[in-house]
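Chemist: This is the structure I want to talk about, given as structure tokens.
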Amino acid sequence: MSRIGKKAIIIPNKVNVKLDGQAIYVDGPKGSLSRILPSLVCCTLNETEKTISLEKAQQTKLSQALYGLSRTLVANMVIGVPK
């Protein structure tokens, strides 16, 4: 069982993140990316610690799979825009 989804995503200084329901928007010096997350995954933004964390909405196999996938996709968005 993977534990990728439990790790918080650290937001670099040059990156701005905005949450609008299930949509996440990431802006940086190299561009902007957006993604609509599945309804089985909840995303929270902690602006004081500059981190993003994801949680499962249900305890099913599908939500577990989407949980890890969504965390990896959002992390790649955050990594890609400042470089």
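The values are calculated or read from the model by the stated rules, or taken from the named source; none is laboratory data. The shown structure was predicted, so the numbers you read here are calculated from the model rather than taken from an experiment. Here Cβ is always computed from backbone atoms with ideal geometry, including for glycine, and neighbour counts include all displayed protein chains. Keep in mind that these areas ignore ligands, DNA and RNA; they rest on the heavy atoms of the full protein, side chains included. Shrake-Rupley method; radii C 1.70, N 1.55, O 1.52, S 1.80 Å.
Chemist: Which residue pairs have Cβ atoms under 7 Å apart, sit 6 or more places apart or on different chains, and have a first residue in the range 57-83 that is on the phi < 0 side of the Ramachandran plot and a second that is open to solvent by 20 Å² or more (accessible area, probe 1.4 Å) and of a type in the set (S, T, Y)?
Modeler: A57/S39; G68/S2; V81/S32
Chemist: Another one. Test D27 against the criterion of being without any contact (Cβ under 8 Å) to a residue 12 or more places away in the chain, charged (D, E, K, R) and open to solvent by 60 Å² or more (accessible area, probe 1.4 Å), and give yes or no. Steps first, answer last, please.
Modeler: Numbers: without any contact (Cβ under 8 Å) to a residue 12 or more places away in the chain: no; charged (D, E, K, R): yes; open to solvent by 60 Å² or more (accessible area, probe 1.4 Å): yes.
In short, no.
Chemist: In the range 52-68, which residues are crowded, with 16+ Cβ neighbours inside 10 Å and over 12 Å from V15 (Cβ atoms)? Before you say what the answer is, go through the steps one by one.
Modeler: Applying the first criterion (crowded, with 16+ Cβ neighbours inside 10 Å) to the range 52-68 yields 52-54, 56, 63-64, 66-68.
Scanning the range 52-68 gives S53, L54, K56, S63, Q64, L66, Y67, G68.
Chemist: Search the range 1-20 for residues being in a strand (DSSP E or B) and in contact (Cβ under 8 Å) with a residue 40 or more places away in the chain, and hand back the single one that is most open to solvent (accessible area, probe 1.4 Å).
Modeler: It comes out as I10.
Chemist: Something else now. Look at P82 and say whether it is open to solvent by less than 50 Å² (accessible area, probe 1.4 Å), part of a loop (DSSP other than H, G, I, E, B) and in contact with a Pro (Cβ under 6 Å, 6 or more places away or on another chain).
Modeler: yes
Chemist: Another question about this same structure. How many of the residues in the range 33-51 are open to solvent by 80 Å² or more (accessible area, probe 1.4 Å) and either of a type in the set (S, T, Y) or assigned to a loop (DSSP other than H, G, I, E, B) (or both)?
Modeler: Adding up the residues that qualify gives 4.
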